[in-house]
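The values are calculated or read from the model by the stated rules, or taken from the named source; none is laboratory data. All of these numbers come straight from a predicted model, not from anything done at the bench. Quick reminder, even Gly has a Cβ in these numbers, built from the backbone with ideal geometry, and neighbours come from all protein chains shown. Accessible surface areas use protein heavy atoms only, side chains included; no ligands, DNA or RNA. Shrake-Rupley method; radii C 1.70, N 1.55, O 1.52, S 1.80 Å.
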Amino acid sequence: MARWKNGPGTLHGAQVGIPLEIAASYRARARGLLGRDGIEGALLLTPASGVHTFRMRFAIDVAYLSRDFTVLAVRTMRPGRLGRPRLRARHVLEAEAGAMARWGLRPGLRLDVEPAG
């Protein structure tokens, strides 16, 4: 996909189809999960290579994805942390802590994003 747009979608490649919010604009990426008490599914930040959890209300799982949506690393971050940027990461996937283990996301897994509409 040449140009990403904010909006809903579905993430494939894990054990189940995962509801997805796509944050492609600077404003949507900067807001991310701030001010929320949780999320159903996951949030895709694109382009992005790192995240932080300052002012967040809950712990999150973070998956760093390459340009072709291969999972490079998966980390759990508590609120108030600054994550190390990944040099090869082009996208970052965020979800509630524990969700990625339930979905079977692990390094080396290739994912596919299907925007709604």
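Couple of notes before you dig in:
- The listed residue being aliphatic (A, V, I, L, M) and out of contact with any Leu (no Cβ under 8 Å at 6 or more places or on another chain), out of A42, A73, A63: A73
- Residue in segment 103-117 that is surrounded by the most Cβ atoms within 10 Å (Cβ to Cβ), counting only those that are assigned to a loop (DSSP other than H, G, I, E, B) and out of contact with any Phe, Trp or Tyr (no Cβ under 6 Å at 6 or more places or on another chain): L105
- Filtered by the rule that a residue be open to solvent by 20 Å² or more (accessible area, probe 1.4 Å), among the β-branched types (V, I, T) and assigned to a strand (DSSP E or B), segment 2-18 gives a lone residue, T10.
- Selection count where residues are part of a strand (DSSP E or B) and open to solvent by 10 Å² or more (accessible area, probe 1.4 Å), scope segment 46-67: 1
Okay, residues lined up against (1) in contact with a Pro (Cβ under 9 Å, 6 or more places away or on another chain); (2) among the basic types (K, R):
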position: A14; (1), (2): no, no
position: A23; (1), (2): no, no
position: G35; (1), (2): no, no
position: A42; (1), (2): yes, no
position: D61; (1), (2): no, no
position: T70; (1), (2): yes, no
position: R75; (1), (2): no, yes
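- For segment 77-102, a residue qualifies if it is exposed (fewer than 14 other Cβ atoms within 10 Å of the Cβ) and more than 19 Å from G13 (Cα to Cα), and the qualifying residues are R78, P79, G80, L82, R84, P85, L87, R88.
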